[in-house]
Amino acid sequence: MNKNVKGTANEKILFLSMLFVFALVLVSCQDNKYEEEAGLYELYHMSGDLQLSNFVYYTIELKADGKATVRSKGSHSGASEYEAGATFSIKDGKIILVSKMGSQKVTETYDYIDGEIQMLDVEALGIAFTAKFRRAQD
């Protein structure tokens, strides 16, 4: 037996149990990191090459654990519904959404101002627009 290890078997079990509980507390705190920001955000303003009328709905759902779901449906005839899972983080007034398209990781950074997600002066695939999302009313 190693002479450097002191304590009875019960003390060692108690110590390991306390470490396990401490680890659980740390993990559960991380699970609610974005509790204040969590909720369903709905598109309420869009300008540029795309307009609000181009969508039946466009939402971003943020969860307290840092996961997100983006959903939209175009308003044109035959439009399909879009849904993508992502993770997010918020730091210094920016929200960073990370999703996957096949094997490719897509990172998008937008403003998170006064509890709103704002996509300001976005340009993609030759389309330029601004979109603003606010928390849906419960």
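All of the numbers you see were taken from the coordinates with simple rules; none came from a lab. Being a predicted model, the structure only gives us computed values, none of them experimental. We place every Cβ from the backbone using ideal geometry, glycine too, and count neighbours over all the protein chains shown.
Name the pairs whose Cβ atoms lie under 6 Å apart, with the first residue in the range 45-64 and farther than 12 Å from Ile127 by Cβ, the second among the aliphatic types (A, V, I, L, M) and not in a strand (DSSP E or B), and 6 or more positions between them or separate chains?
Leu62/Ala38; Lys63/Ala38; Ala64/Ala38
For the range 72-97, name all the residues that are free of Cβ contacts under 8 Å to residues at least 40 places away in the same chain and touching a Phe, Trp or Tyr at 6+ places or on another chain (Cβ under 7 Å).
Ser72, Lys73, Gly74, Ser75, Gly93, Lys94, Ile95, Ile96, Leu97 - these are the residues of the range 72-97 that are free of Cβ contacts under 8 Å to residues at least 40 places away in the same chain and touching a Phe, Trp or Tyr at 6+ places or on another chain (Cβ under 7 Å).
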